[in-house]
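Following: one structure in structure tokens, then a few remarks.
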């Protein structure tokens, strides 16, 4: 099994956690990335596998997949133990919906914070506009945090640890690393974040993301 990943790819890192949680050994190839050039040059294997030309791309024997959600579904079907999704249909649907919330609903305001790690914009007016958009995005994220906290079922989002926790943790992690709102005002969400972040598989990825941030910022 082989995974094409990237130092700061939120979605590829999701897949890394799922593979590690399932105890699956895999070869990881990190594609080229820099703060100034982004994903350049594009990896030929990624271009060939994914029309969006993005990681993650997972190769398992003669099967090649892209998109973290599709990969999650495949892993759960092909390698069901230990499970990372509920078995009952309603629980499974709630888990999928929470993953979608992390990937698509939180991502919209989160994307407004990403300029903070990019090279300084040459247009001061554009920079001021980005800062104003980021302030609004932080308010949206804080509201979304409250909604996420209301979905908790014990220490995790779906009772047991699932793909929903992986996806949501990565979105919150990226919000925090980009200067987004802290979790202190929502103690239940802070406790969830601490519980998920203490899992060895998750902690290892969070550490690698922090190290990639430091390394890339030194090169910028």
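Bear in mind these aren't lab numbers, they're just calculated from the coordinates by the rules spelled out. In this text the structure is predicted, and so the values were computed from the model without any measurement. Note: ideal-geometry Cβ built from the backbone for every residue, glycine included; neighbour counts use all protein chains shown.
Just a few scattered comments:
- Whole-angstrom gap from the stretch 56-90 to the stretch 133-188, using each part's C-alpha centre: 23 Å
- Computed per residue of the chain from DSSP H runs no shorter than four, each worth -39500 (n - 2.57), the mean residue ellipticity at 222 nm is -17000 deg cm²/dmol.
- FRET E, pair residue 45, residue 135, Förster distance 45 Å, beta-carbon r, rounded to 0.05: 0.70
- Prolate/oblate/rounded label for the stretch 170-220 (Cα gyration tensor, a/c 1.5): oblate
- Ranked by how many other Cβ atoms sit within 10 Å of their own Cβ, fewest first, the residues 144, 100 fall in the order 100, 144.
- Taking every DSSP beta bridge that has both ends in the chain, the antiparallel portion is near 70%.
- Residue separation of residue 70 and residue 92 scaled by 0.36 nm, minus their Cα-Cα distance, works out to 6.5 nm of gained length.
- The stretch 1-55: projected area of the alpha-carbon convex hull, averaged over directions, in nm²: 3.8 nm²
- Counting neighbouring Cβ atoms within 10 Å and putting the fewest first, the residues 17, 186, 166 line up as 186, 17, 166.
- Projected-area average for the stretch 89-219 over all orientations - Cα convex hull basis, square nanometres: 8.4 nm²
- Residue-normalised convex hull volume from the C-alpha trace of the stretch 56-113: 88 Å³ per residue.
- Our summary gives the chain a relative contact order of 23 percent, counting only alpha carbon pairs under 8 angstrom and 6 or more residues apart.
- Counted by neighbouring Cβ atoms within 10 Å, the residues 14, 90 run from fewest to most as 90, 14.
- Build a GNM of the chain with springs between Cα atoms under 10 Å apart, and of 139, 128, 13 the one that fluctuates most is 128.
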